[in-house]
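Worksheet: the structure to be examined is printed underneath.
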Amino acid sequence: MEYVLAAEGLSKRYGKVQALTDLSVKIPQGKIVALLGPNGSGKSTLLKLFAGLSHPTAGKAIVLGRQAGAETKGKVAYVPEFNHLYRWQTVEETVLFCGKFFADLDPDLAHKLLAELQLERDKKVGSLSKGMQARLKLALALARSASVLLLDEPFSGIDPQSRKKILTALVETYRPGQQTILLSTHQVLESESTFDQVLFLQDGRLILAGEADQLRQEHNCSIEDLFAQIY
């Protein structure tokens with residue numbers, strides 16, 4: 001399949017707030033694509049639509065050739081910015097719990113990632129720091145064989161050590177050419193070396209898109225500097 005994710009005239013309104021407006025874009029297989037923009041630009045909304053957790057007001061969100069919804073959820077690993085895990089469960093119980101929902105979760109890989117991310121399996125989720133909870137959310141997503149990984153601000157509000165460990169785990173686990181990652185982040189400096197493509201959103205509209213290297217050449221600056229110039 002040429003494109004794994006596609007937005008076709010995609011719009012989303014929440015009451016009086018227009019979160020996305022007539023957005024059209026195609027995301028190819030096997031790439032890491034950065035989704036950049038200020039708060040309120042529509043990044044989280046777009047990820048939720050691709051995750052099948054929200055329905056468009058107009059247009060279509062296409063995942064692996066199908067409209068995003070119940071049929072595509074099992075093929076998408078979505079990591080929200082907020083902590084969605086049960087605080088009363090241990091790390092190990094969380095792995096087992098998620099394994100019951102997602103048949104593609106590899107427990108051996110999950111345990112390997114827990115060790116690499118320095119997560120103790122007997123610790124309660126509620127006792128973990130924000131950085132540790134962020135590591136756990138990513139480990140659960142990376143332990144799945146999902147062909148699409150949607151990450152909403154995985155580095156937000158966490159310590160530099162956790163950001164580094166998360167980025168390292170992401171790079172080491174990523175399957176180039178097979179897995180597509182759509183990554184929303186404000187931490188451009190630390191993560192831009194991983195970008196294959198970049199999408200810039202503003203006020204719910206796509207204002208710039210392209211290959212990361214091509215954008216650097218055309219604008220004679222880094223993606224981080226381009227971000228600063230645009231916004």
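A cut-off under 11 angstrom between Cβ atoms defines the neighbours of Lys43, and their net charge, with Lys, Arg +1 and Asp, Glu -1, is -2. Rounded, prolate or oblate: which fits the stretch 105-175, taking a ≥ b ≥ c as square roots of the Cα gyration tensor eigenvalues, rounded meaning a/c under 1.5, else prolate when a/b beats b/c? The shape class here is oblate. Averaging Cα coordinates gives a centre for the stretch 51-94 and one for the stretch 115-161; these two points are 16 Å apart.
In summary, the aspartates and glutamates within cross-link reach of Lys48, defined as a Cα separation below 18 angstrom excluding same-chain residues under 8 places away, comprise Glu8, Asp22, Glu71, Glu81, Asp152, Glu153, Asp203. Note on the chain: with a GNM built from Cα contacts shorter than 10 Å, the maximum mean-square fluctuation among Leu96, Leu199, Leu20 falls on Leu96. Computed over Cα pairs, the Kirkwood radius of the stretch 18-125 leads via Stokes-Einstein (1.567 mPa s, 4 °C) to a diffusion coefficient of 80 µm² per second. Amide hydrogen proximity for Gly42: with H placed 1.01 Å from N in the peptide plane, the residues at 5 or more positions away or on another chain lying under 5 Å are Gly204.
Among the listed pairs Lys60/Lys123; Lys12/Lys112; Lys124/Lys165; Lys123/Lys164; Lys60/Lys164; Lys73/Lys123, those whose Cα-Cα separation exceeds 31 Å are Lys60/Lys123; Lys12/Lys112; Lys60/Lys164. A rounded overall shape is assigned to the stretch 77-128, the ratio a/c of its alpha-carbon gyration tensor axes (a ≥ b ≥ c) being less than 1.5.
Provide the convex hull volume over Cα atoms per residue for the chain, in Å³.
Output value, Cα hull per residue: 121 Å³.
GNM remark for the chain: springs join alpha carbons under 10 Å apart, and the peak mean-square fluctuation among Val33, Val91, Val25 falls on Val25.
A cut-off of 5 Å between modelled amide H atoms, ignoring neighbours fewer than 5 places along the same chain, links Leu208 with Phe200. Sorting the segments 63-73, 8-18 by their residues' average number of neighbouring beta-carbon atoms within 10 angstrom, most packed first, yields 63-73, 8-18. Note on the stretch 165-215: the C-alpha convex hull projects to 4.2 nm² when averaged across all orientations.
Any read-out appearing in this document is the output of simple, stated calculations on the displayed coordinates, not a laboratory observation. For clarity, every value in this text was computed on a predicted model and none was experimentally measured. All Cβ positions, even for glycine, are placed from backbone atoms using ideal geometry, and neighbour counts span all protein chains on display.
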